[in-house]
Amino acid sequence: MTRADFVFVGDRLRQARLAANLTATELADRVEVSRQMISAAEKGKALGADRLDQVAIALGVPVEYFYQPLPDGVGMALSAINYRSLKKTPEFQKDRADSSLEWAHEVVVRFKELLQMPAVNLPSLNDKDPEALSWDDVENAARELRRHFNLGHGPIDKLILLLENHGVIVGSVALSDDMDGVSAWYEDGPVVLVKHGSPAVRTRFDVAHELGHLVLHRHLTAEDVDDKQRHDLMELQAHYFAGAFLLPEEGFVPEAVRVDLDYLLTLKRRWKVSLQAMVMRLEKLGILSKDQIGRFYQNLSRRNWRRKEPLDDELHRERPVLLERAAQFLAEERILPFQDAFMRTRLPRVFLETFAGLEPGSLSAPVRTADNVLEFRRKGSPS
């Protein structure tokens, strides 16, 4: 079959362009065509073969990608899409995050065509509008989720693995400098994306922040959060939830007997939360005075730790393992080779490796299988 036998999918071009962090004008300049031609192509008007080859090279995708139909339901979020970003984040960068979510969701849908993934086990802990949600409500929601997961009051050792085992898809992608995470609910479950390359404690807090959105704001749609003030309030609530979930009052406060930096570093190693997040948590609980908080930040600045804290490069950075284990299962069951489980999507290798937490080059080289950490079954097999 030739290219003429396939249907060009303009939305694929939009996805790949955004993933490459290019505007339509920038892509047009690279392949020496008009912006109008790129815009028309994204609406479904096919490019000539030579032009499409140039575009594919510029965007780092195979030509076949542009003829790959979108699976049913991909990118159709049931909830609002939650962005952990600064107020000044350009809409273009939010569109870029949307595109990454669409790709991530597509990968998950493709895996679910072949096997049963861990069931979603994430309760909705709030049905109130953000304006009616008190800080006590947020605190209780974090406490209730810990109870639901049977976590007790101590540190959470492997946060990402915990969520993966409860059906939450977690991955990392390239996001703009002023965006740390994005998440949404889909019909088949939630997806959380955080910035690739962030320090361990930052990644954990970002994941917990997005988890807060998933359990507090699941019932809200894009129209519900269109208001800027409401969006800002939701961000504060998710931030508060992250602190309460990672640092429960019952377990953390009895250990926070001093707020000098050296002692807090021992707590950072144990709880895997930044010094500043710990102090912010104690402040929210009303345990520290303004003078204590002021001295903390003075000492932090004196040691030049405001932007980068000790242990940021030392603590182990968690990575997702769900899709890697799923691909290993498919290979061991002789359903699909490891690489094919990912590459059947026709998405860029770099995106797939980053999103799934694979080592660079994993989808180009032979991969050693490992014991499954998560439970899978063939699609359609009895429970």
Cross-link partners of Lys284 among aspartates and glutamates (Cα-Cα below 12 Å; sequence separation of 8 or more within a chain): Asp136, Glu139, Glu249
Between Glu333 and Asn140, 0.36 nm times their residue separation minus their Cα-Cα distance comes to what? 65.1 nm
Given the pairs Lys158/Lys308; Lys228/Lys268; Lys112/Lys308; Lys43/Lys195; Lys268/Lys290, which span a C-alpha to C-alpha distance of over 32 angstrom in this model? Lys228/Lys268; Lys112/Lys308
Per the helix-only model, the chain has a calculated mean residue ellipticity at 222 nm (DSSP H runs of ≥4, -39500 (n - 2.57) each, divided over all residues, rounded to the nearest 500) of -14000 deg cm²/dmol
Given unit charges at Cβ for Lys, Arg (+) and Asp, Glu (-), the dipole magnitude of the chain about its Cα centre in debye, nearest 20, is 800 debye
Each residue of region 113-120 in turn: what ³J(HN,Hα) in whole Hz from Karplus with 6.51, -1.76, 1.60 and θ = phi - 60°, glycine and Pro shown as x? 5, 10, 7, 8, 8, x, 5, 5
If each residue's Cβ is checked for other Cβ atoms within 10 Å, how do Val191, Val55 rank with the fewest at the top? Val55, Val191
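For Glu187 and Asp50, what does the FRET efficiency come to when R0 = 45 Å and r is the distance between their Cβ atoms, rounded to the nearest 0.05? Before the final figure, lay out each step's value.
On the way: r = 40 Å, r/R0 = 0.88.
The computed FRET efficiency comes out at 0.70.
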Given Cα pairs under 8 Å that are at least 6 residues apart, what percent is the relative contact order of region 3-69? 46 percent
Averaged over all directions, how much area does the convex hull of the C-alpha atoms of region 20-117 cover when projected, in nm²? 8.0 nm²
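Test of understanding: ordering Val273, Val279, Val207 by Cβ neighbours within 10 Å, fewest first, what list do you get? If you can, show how the numbers build up before the last one.
On the way: Val273 25, Val279 20, Val207 28.
Final ranking by Cβ density, sparse to dense: Val279, Val273, Val207.
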Convert each backbone phi in region 201-213 into a coupling constant with the Karplus relation 6.51 cos²θ - 1.76 cosθ + 1.60 (shift: θ = phi - 60°), then list the ³J(HN,Hα) values in order as whole Hz, x for Gly and Pro. 5, 5, 4, 4, 5, 5, 4, 5, 4, 5, 4, x, 4
Simple spin-label estimate for Lys308 and Asp340 in nanometres, 7 Å along Cα-Cβ: 4.5 nm
How large is the translational diffusion coefficient of region 3-69 in µm² per second when you combine the Kirkwood radius over alpha carbon pairs with Stokes-Einstein at 25 °C and 0.890 mPa s? 214 µm²/s
The extension gain from Lys290 to Asp260, computed as 0.36 nm times the residue separation minus the Cα-Cα distance, is 9.3 nm
How are the C-alpha pair distances of region 95-302 spread across 10 Å bins, as whole percents from the shortest bin up? 8, 33, 36, 18, 4, 0
What is the list of residues in region 113-138 whose amide nitrogen lies under 18 Å from a point 7 angstrom out from the Cα of Gln229, following Cα to Cβ? 129-135
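Dipole size in debye (nearest 20) for region 238-329 around its Cα centre, Lys and Arg Cβ +1, Asp and Glu Cβ -1?
So the dipole magnitude of region 238-329 works out to roughly 280 debye.
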Of Met280, Phe329, Gly294, which is farthest towards the positive pole of region 190-345's charge dipole, taken about the Cα centre with +1 and -1 on the beta-carbons of Lys, Arg and Asp, Glu respectively? Gly294
Select from Val109, Ala41, Ala80 the residue farthest towards the positive end of the dipole of region 1-130; place +1 on Cβ of Lys and Arg, -1 on Cβ of Asp and Glu, and compute about the Cα centre. Ala80
To test your reading of the geometry: what angle, between 0 and 90 degrees and rounded to tens, separates the Cα axis of helix 49-59 from the longest principal axis of the chain? 20 degrees
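Could you work out the longest stretch of the chain that avoids the trypsin sites (Lys or Arg not before Pro) located in DSSP loops with at most 13 other Cβ atoms within 10 Å?
Longest stretch, sites excluded: 129-257.
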Stokes-Einstein diffusion coefficient of the chain, Kirkwood radius over Cα pairs, 20 °C, 1.002 mPa s, in µm²/s: 96 µm²/s
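Rounded to the nearest 20 debye, what is the charge dipole size of region 3-69 about its Cα centre when +1 sits on each Lys and Arg Cβ and -1 on each Asp and Glu Cβ?
Here the size comes out at about 200 debye.
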Over all directions, region 86-144 yields a Cα convex hull whose mean projected area in nm² is 6.5 nm²
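All of the numbers you see were taken from the coordinates with simple rules; none came from a lab. The structure displayed is predicted, hence computed values, not measured ones. Here Cβ is always computed from backbone atoms with ideal geometry, including for glycine, and neighbour counts include all displayed protein chains.
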